[in-house]
Amino acid sequence: QVQLVESGGGLVQAGGSLRLSCAASGSISRINANGWYRQAPGKQRELVTTITSGGSTVYADSVKGRFTISRDNAKNTVYLQMNSLKPEDTAVYYCTANTWAAVYWGKGTLVTVSS
């Protein structure tokens, strides 16, 4: 089992920045990838970015060049640096952790970008 707790969400003006954190606990050694997803009001949940244990990353086209995923293995924490935020980035952001057996989800953190 893996437990994930997100933090760092909040209200920010368009053009601003936020850094989300995702602290993992439990069977950390079994994690082979992490990701961030988001769900805007009235919309389906969508992939934002992923990072493998080897450091390979993938980004949604809508966030390329603005968002950066990173991980601190010593702290068992994954980060999402979000710059040049837009109102359309408003959503609940969820952290995920993949093992060979399952995908684990955090409870989410709300990001609101005002225009």
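The table that follows gives values for the structure above.
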quantity	calculated
DSSP-assigned coil residues among chymotrypsin sites (Phe, Trp or Tyr not before Pro) in segment 34-115, each with at most 12 further Cβ atoms within 10 Å	Trp100
5 angstrom amide H check on Gly26, placed H, neighbours 5+ away	Gln3
Residues whose placed amide H lies under 5 Å from that of Thr90, excluding near-sequence neighbours	Val113
Candidates Arg30, Arg71, Arg38: whichever shows maximal mean-square fluctuation once the chain is modelled as a Gaussian network with Cα springs under 10 Å	Arg30
Calculated from backbone phi, Karplus (6.51, -1.76, 1.60) coupling profile of segment 76-87 in Hz, x at Gly/Pro	6, 10, 10, 10, 10, 8, 10, 10, 6, 5, 10, x
Assigned charges on the beta-carbon of Lys, Arg, Asp, Glu; the chain dipole about Cα centre (debye)	80 debye
FRET E, pair Ser84, Gln44, Förster distance 35 Å, beta-carbon r, rounded to 0.05	0.90
Spatially proximal aspartates and glutamates relative to Lys43 (Cα-Cα < 20 Å; intrachain offsets below 8 disregarded)	Asp61, Glu88, Asp89
Table column - 3J(HN,Hα) (Hz), segment 49-65, Karplus curve with 6.51, -1.76, 1.60, x for Gly and Pro	6, 9, 9, 8, 5, x, x, 6, 10, 9, 10, 5, 4, 5, 10, 4, x
Residue among Ser84, Ser70, Ser29 with the largest mean-square fluctuation in a Gaussian network model of the chain, springs linking Cα atoms under 10 Å	Ser29
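Each value in this text was obtained by applying a stated rule to the coordinates, not by laboratory testing. Just so you know, these numbers come straight off a predicted model, no measurement behind them. Heads up, the Cβs are rebuilt from the backbone with ideal geometry, glycines too, and the neighbour counts pull from every protein chain shown.
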